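The structure that follows is given in the form of structure tokens.
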Amino acid sequence: MQLRYVFTELRTGLRRNLSMHLAVIVTLFVSLSLAGIGILVQREATVARDSLGDELKILVNLCTDEDPSHSPNCASGEVTADQQQRIEKEIADSDEVASSSFQSKEEGYERAYEQAKRNNTQAAFEGPDPVVTVERWPAAYWVTLKTPERADGIISALEGLDGVSVIKDQRKALGQIFGIMTVLKYGSWIGAGFLLFAALLQVTNTIRLAALARRREIAIMRLVGASTLYIALPFLLEALVAAIVGVALAAGLLAAFQYWGVEKALSDHVQFLPWVDWGDYTQALIGLFPPGIVILGPALTLIPTLLLTRKYVKV
Amino acid sequence: MIRFEKVTKRYPGPGRPALDQVTLDIDKGEFVYLVGTSGSGKSTALRLVLRELRPTTGHVHVAGKEINRMAGWKVPRLRRQIGTVFQDFRLLPNKTVTENVAFAQQVIGKSRREIGKVVPETLELVGLKDKGDRMPDELSGGEQQRVAIARAFVNRPMILIADEPTGNLDPATSAGIMNLLGDINQTGTTVVMATHDHGIVDQFTKRVIELDHGKVVRDEASGSYGFQH
Ligand SMILES: Nc1ncnc2c1ncn2[C@@H]1O[C@H](COP(=O)(O)OP(=O)(O)O)[C@@H](O)[C@H]1O
Ligand SMILES: [Mg+2]
């Protein structure tokens, strides 16, 4: 196929409708950025749940030698098998508990080390004489509640048991954080949705104007037997160029957000949370579910273009 | 080459059909006038040949193929075998004469080399050898129609369809266009020309098919325009 005509048309088309294309690009840029931020917030919630548990979970740390809590429960040093059995029975007998799982010293240590590396705070784990070691890390039970409201019974029962060092009950704090994340996520997706709808209308209008401006050419192309694809190609390429520019701008903005916002600011100030990394950023770009902006942008411009050109260019 | 079998075409809305049980047969290499008053159905018949329209009932065959049931993606291939000329020329105003003619080849994927060879040949054939660089609005009506004929003929179609090609031209210029269409017919191209120009039909005697209210009322091998009126 001879494409010289197509590219000439693409160039004149982009120039002729420059203001419309700019409008499409800006709208796509903003809406895709919002969609991407929504995805990053969703990933952040997942990352946070993975390492901190969610608002249904309570962490029951068991005693270690020289336990830092100085709790009277730890008078006998490292938790014993007998003590552990009592604790396990107490958890199993409680009607507030949905399920529980044991986390060994090694597992807990690995998990904490991973999270520290994510946040660049692994110094305490490393070096010739590290502060944090497997021996000093407590074994623990993750207790999952039936509802976040009812935990008093199990907490007071465990508090007095020998072998229980501290009970970390982060239900309130985590509940608030996840609440904020949910609002942020849906807020940015709703905003993105409205703007993507606007982008869709703009794409539609751009094509209608372009088809109008080119109606003589199109009529003659149909008459002399140009294929539908050939006639539609300049339209598709115009839409594709707009999509690529919009996606590139949004990807740039998200990268800047990840670098200066998350890595240089948030993760320094808020260290108890693990933060999204460049892997999550990649997901926001090319993930499938929810669709990343590299998929969303071209799909939202090319699909309406294909449908409309079929209408305007029909043989 | 073109065959209508009991073709009826009804446009949406009430009223009689634009074509009513039309049956006709045009052989390869013929030159045929389609005559009749305005609204008698001439343009409708031509658009059926191009498959711009489909018949309401009946069958249209072009080059041995029943085109009503042809798949949409095959229609461009059909149209590459048919050149079309209109009363209002339909040239692209922002392209030169050469570019206008070349356009018909570019958009069906002909190579630059072929275009460079065939376009000047065709311009010479229609008598516009020296006017390739002109813009359409720098040409007379007759010259513009020659450009349109060059564009219709540049892909060497089997069939040339002309819908009132002399409708906007004075008699002397029209005669020139008729000679050109005659030359094209001499190359073996089937020519179907819709017209209601008495002078032309009587002067350049050819087969005449007359339509009246969508019906074929006359088909004469070597007729004149409406001798019975
Ligand atoms: N697109 C259309 N929609 C509805 N009616 C049409 C359309 N085109 C033509 N007609 C009607 O069909 C009849 C035949 O028209 P046409 O084929 O253009 O005749 P001609 O070319 O001989 O003047 C006329 O009555 C005309 O009003
Ligand atoms: Mg007509």
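Take the residue pairs A:LYS57/A:LYS264; B:LYS95/B:LYS117; A:LYS105/A:LYS168; B:LYS74/B:LYS131; B:LYS131/B:LYS206; B:LYS74/B:LYS110 and return only those whose Cα atoms are more than 26 Å apart.
A:LYS57/A:LYS264; B:LYS74/B:LYS131; B:LYS131/B:LYS206
Pop the C-beta distance of A:GLU107 and B:ARG134 into the FRET formula with R0 = 60 Å and round what comes out to the nearest 0.05.
Result of the calculation: an efficiency of 0.10.
With 10 angstrom as the radius, rank A:VAL313, A:VAL203, B:VAL217 by how many other C-beta atoms surround their C-beta, starting from the fewest. All intermediate terms of the calculation are to be shown ahead of the outcome.
On the way: A:VAL313 19, A:VAL203 27, B:VAL217 13.
So the ranking, lowest neighbour count to highest, is B:VAL217, A:VAL313, A:VAL203.
Taking each full run of DSSP H in chain A as one helix, which ones are at least 15 Å long along their axis (Cα atoms) and have mean Kyte-Doolittle hydropathy of at least -1.0?
Passing helices, by number: A:4-16, A:18-52, A:171-213, A:228-256, A:293-312.
Roughly how many whole Å is it from the C-alpha centroid of the range B:98-154 to that of the range A:154-198?
73 Å
While we're looking at this one, here's another question. Less than 18 Å apart at the alpha-carbon level, and either on another chain or at least 8 residues along: which aspartates and glutamates does that give for A:LYS311?
A:GLU217, A:GLU238, B:GLU52
What are the semi-axes of the equivalent ellipsoid of the range A:235-291, taken as the square roots of 5 times the eigenvalues of the Cα gyration tensor, listed largest first and rounded to whole Å?
Numbers: eigenvalues 175, 33, 6 Å².
Output for the range A:235-291: semi-axes of 30, 13, 6 Å.
Let me ask something else. Sequence-distant or interchain residues sharing an amide H contact under 5 Å with A:ALA98, placed H: which?
Counting only residues 5 or more places away or on other chains, the set is A:THR144, A:LEU145, A:LYS146.
Taking the Cβ of each residue in A:THR147, B:THR173, A:THR182 as the centre, tally the other Cβ atoms inside 10 Å and list the residues starting with the fewest. Before the final figure, lay out each step's value.
Details: A:THR147 9, B:THR173 17, A:THR182 13.
By the 10 Å Cβ count, ascending, the order reads A:THR147, A:THR182, B:THR173.
At q = 0.06, 0.07, 0.08, 0.11 Å⁻¹, what is the base-10 log of I(q)/I(0) for the protein assembly as shown according to the Debye formula with one equal point scatterer per Cα and no solvent? Please give it to two decimals.
These q points yield log10 I(q)/I(0) values of -0.54, -0.62, -0.69, -0.99.
Turning to a different aspect of this structure: What GluC sites (Glu not before Pro) in the range A:106-175 are in a loop by DSSP, with at most 11 other Cβ atoms within 10 Å of the Cβ?
Sites meeting the loop and neighbour criteria: A:GLU135, A:GLU149.
Tilt of helix B:141-153 relative to the longest C-alpha principal axis of chain B, in degrees (0 to 90, nearest 10)?
Relative to chain B, helix B:141-153 is tipped by roughly 80 degrees.
Before rounding to the nearest 500, sum -39500 (n - 2.57) across all DSSP H runs of length at least 4 in chain A and divide by the residue total; then give [θ] at 222 nm in deg cm²/dmol.
-21000 deg cm²/dmol
How tilted is helix B:112-125 with respect to the longest principal axis of chain B? Cα atoms for both, answer in degrees (0 to 90, nearest 10).
Helix B:112-125 sits roughly 70 degrees off the main axis of chain B.
Please turn the phi angles of the range B:173-187 into ³J(HN,Hα) values with the Karplus equation 6.51 cos²θ - 1.76 cosθ + 1.60 (θ = phi - 60°), one per residue in order, whole Hz, x for glycine and proline.
My calculation for the range B:173-187 gives 5, 4, 4, x, 5, 5, 4, 5, 4, x, 4, 4, 4, 4, 6 Hz in order.
Treating only the Cβ atoms of Lys and Arg (+1) and Asp and Glu (-1) as charged, compute the dipole magnitude of the range B:18-156 about its Cα centre; round to the nearest 20 debye.
Details: 23 positive and 16 negative charges, 138 e Å.
Here the range B:18-156 has a charge dipole of around 660 debye.
Mind checking which of B:VAL85, A:PHE102, A:LEU10 is farthest towards the positive end of the protein assembly as shown's charge dipole, using Cβ charges of +1 (Lys, Arg) and -1 (Asp, Glu) about the Cα centre?
With unit charges placed on the Cβ atoms, the residue in question is B:VAL85.
Straight distance only, please: which aspartates and glutamates reach the Cα of B:LYS215 with their own Cα at less than 14 Å, same-chain residues fewer than 8 apart left out?
Leaving aside aspartates and glutamates fewer than 8 places away in the same chain, those within reach of B:LYS215 are B:GLU5, B:ASP20.
Please report, largest first and rounded to whole Å, the three semi-axes of the ellipsoid equivalent to the range A:1-108, where each semi-axis is the square root of five times an eigenvalue of the C-alpha gyration tensor.
That gives 64, 14, 14 Å for the three semi-axes.
Taking the Cβ of each residue in A:ASP152, A:ASP67 as the centre, tally the other Cβ atoms inside 10 Å and list the residues starting with the fewest. List each step's numbers first, then the result.
Numbers: A:ASP152 9, A:ASP67 20.
Ascending Cβ contact count within 10 Å gives the list A:ASP152, A:ASP67.
Quick one: which residues, 5 or more positions from B:VAL85 or on another chain, have an amide H under 5 Å from its amide H? H modelled 1.01 Å from N in the peptide plane, none for Pro or chain starts.
Those qualifying (amide H under 5 Å, at least 5 residues apart or on another chain) are B:ILE161, B:ALA162, B:ASP163.
Dividing the alpha-carbon radius of gyration of the range A:93-225 by 2.2 N^0.38 Å (N being the number of residues), what value is obtained?
2.07
When the Karplus curve 6.51 cos²θ - 1.76 cosθ + 1.60 is applied with θ = phi - 60°, which whole-Hz ³J(HN,Hα) does each residue of the range B:38-52 get, with x for Gly and Pro?
My calculation for the range B:38-52 gives 4, x, 7, x, 5, 4, 4, 4, 5, 5, 5, 5, 7, 6, 6 Hz in order.
Quick one: Cα centre-to-centre distance for the range B:10-49 and the range A:280-315, in angstrom?
Value for the Cα centre distance between the two parts: 45 Å.
Same structure, new question: Enumerate the amide H contacts of B:TYR225 below 5 Å, restricted to partners 5 or more residues apart or on another chain; note that Pro and chain-start residues carry no placed amide H.
For B:TYR225, whose amide H was placed from the backbone, the distant partners under 5 Å are B:ASP202.
Read-outs: derived from the displayed coordinates by stated rules, not from any lab. This is a predicted model, so every value here is computed, not measured. Neighbour counts are summed over all protein chains in view; Cβ atoms, including those assigned to glycine, are modelled from backbone coordinates with ideal geometry.
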